[in-house]
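First the structure, in the form of structure tokens, and then the observations on it.
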Amino acid sequence: MATVDTAIEELSAEQRQRRGEELRQEGIVIRTYDLWKTYIMGDQEIHAVSGVNIEIRRGEYVAIMGPSGSGKSTLMNLIGCLDTPTKGLYYLNGKLASDMEDDELARIRNKEIGFVFQTFNLLARATALHNVELPLIYAGVPSGERIARAREALRAVDLEQRMLHKPNELSGGQRQRVAIARALVNKPSILLADEPTGALDSATGNEIMALFEHLYREGNTIVLVTHELDIAMHAHRVIHIRDGKVERDEPVSIEGAP
Ligand code: ADP
Ligand code: MG
């Protein structure tokens with residue numbers, strides 16, 4: 001695979017497209033080839049992400065873990081199509097996201113990625129139901145179908161009974177479950193969670209991690225970004241990053257197993 005990786009920059013546009021189709025057929029949702037993000041600060045270059053090769057398959061539950069400043073947020077922004085790389089290729093569900101302009105990137109983001117943030121990012125004055133409907137409004141789904149799908153997503157996180165509550169009428173854990181329902185309502189290719197338990201007490205955090213495990217078992221692909229090892233260990237594979245590079249990539253062993 002290494003020879004292919006180094007050569008990929010030299011592929012023609014048509015060959016690149018074909019590579020995307022192959023990746024999709026193989027069930028690879030995320031594939032980066034020699035991905036870089038470099039910031040220029042005065043006369044200094046900061047390589048926040050430097051030469052990352054990652055492959056994530058449909059149905060995997062992966063944590064991206066590293067200390068503060070290791071490049072997690074930068075990498076998450078690239079994977080989530082919130083930013084474009086300085087160099088390298090990024091395929092999301094077979095499409096070459098690293099080549100896309102902003103409007104196309106926004107479209108693929110809304111379709112393929114469900115975001116979950118540390119601080120929930122809900123609309124304060126909207127009900128749980130309306131918060132979950134929002135991505136469907138952006139996607140142009142008609143009202144009746146929107147409500148049905150938003151209710152179904154809230155049911156999946158066991159919050160249908162609270163659907164007319166506003167965020168301030170819900171606990172922290174319930175708010176995060178609303179955010180997870182919102183992330184899932186579009187049936188995205190991946191659920192991308194950035195420190196999803198960071199603003200919760202540990203018992204509530206464990207409930208959210210149990211929900212992720214349940215969603216994984218139902219077939220969702222989950223990418224969890226965290227600096228905490230005990231949170232990362234809930235995933236089934238951990239990609240350790242340091243100084244913008246993949247340091248280790250390993251499966252999480254079942255307790256007691258070698
Ligand atoms: P993490 O999320 O792991 O804490 P970040 O991705 O936020 O790490 O940052 C990685 C490195 O890139 C850090 O050295 C940080 O200072 C730098 N960095 C991040 N964003 C910017 C930016 N917009 N401009 C300049 N440097 C940045
Ligand atoms: Mg960060």
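The values are calculated or read from the model by the stated rules, or taken from the named source; none is laboratory data. These numbers come from a predicted model, not from an experiment. Note that each Cβ is placed from the backbone with ideal geometry, even for glycine, and that neighbours are counted across all protein chains shown.
Descriptive notes on the structure:
- The one condition in (1) in a helix (DSSP H, G or I); (2) under 30 Å from residue 19 (Cα atoms) that residue 137 fails to fulfil: (2)
- Filter result for residue 178 (within 17 Å of residue 121 (Cα to Cα), within 16 Å of ligand 2 (Cβ to nearest atom) and at pLDDT 95 or above): no
- Scanning segment 116-133 finds one or more residues that are in contact with a strand residue (DSSP E or B) (Cβ under 7 Å, 6 or more places away or on another chain) and under 17 Å from residue 185 (Cα atoms).
- Strands (runs of 3 or more DSSP E) (entirely within segment 28-119) containing at least 1 residues that are surrounded by 21 or more Cβ atoms within 10 Å (Cβ to Cβ), within 16 Å of ligand 2 (Cβ to nearest atom) and at negative phi: 28-41, 44-57, 61-65, 113-116
- Scanning segment 203-236 for residues that are closer than 19 Å to residue 113 by Cβ and charged (D, E, K, R) turns up just one, 218.
- Meets criteria (within 16 Å of ligand 2 (Cβ to nearest atom) and crowded, with 16+ Cβ neighbours inside 10 Å) for residue 221: no
- Residue 118, sole failed condition from (1) within 27 Å of residue 175 (Cβ to Cβ); (2) away from ligand 1 (no atom under 12 Å from the Cβ): (2)
- Near pairs, Cβ below 9 angstrom, 6+ apart or cross-chain, from segment 222-235 (closer than 17 Å to residue 184 by Cα) to any residue that is within 13 Å of ligand 2 (Cβ to nearest atom) and among the charged types (D, E, K, R): 224/194; 224/195
- Evaluation of residue 229 against the conditions (1) more than 19 Å from residue 132 (Cα to Cα); (2) surrounded by fewer than 21 Cβ atoms within 10 Å (Cβ to Cβ); (3) touching a helix residue (DSSP H, G or I) at 6+ places or on another chain (Cβ under 7 Å); (4) among the aliphatic types (A, V, I, L, M) shows that the sole unmet condition is (3).
- Verdict on residue 80 being within 16 Å of ligand 1 (Cβ to nearest atom), within 22 Å of residue 238 (Cβ to Cβ) and more than 18 Å from the chain's Cα centre (by Cα): no
- Evaluating residue 21 against the criteria (1) in contact with a strand residue (DSSP E or B) (Cβ under 9 Å, 6 or more places away or on another chain); (2) of a type outside the set (Gly, Ala, Ser); (3) touching a residue at least 12 places away in the same chain (Cβ under 8 Å) leaves one unmet condition, (1).
- A Cβ distance below 9 Å, combined with a sequence gap of six or more or placement on separate chains, defines the contacts here; from segment 38-66, residues that are within 12 Å of residue 223 (Cβ to Cβ) reach residues that are within 16 Å of ligand 2 (Cβ to nearest atom) and small (Gly, Ala, Ser) in the pairs 63/232; 64/232; 65/232.
- Filtered residues of segment 20-44 (kept if within 13 Å of residue 89 (Cα to Cα), more than 16 Å from ligand 1 (Cβ to nearest atom) and of a type outside the set (A, V, I, L, M, F, W, C)): 20, 31, 33, 34
- Test: residue in segment 172-185 that is without any contact (Cβ under 8 Å) to a residue 60 or more places away in the chain, loosely packed, with under 14 Cβ neighbours inside 10 Å and out of contact with any Cys (no Cβ under 8 Å at 6 or more places or on another chain): no
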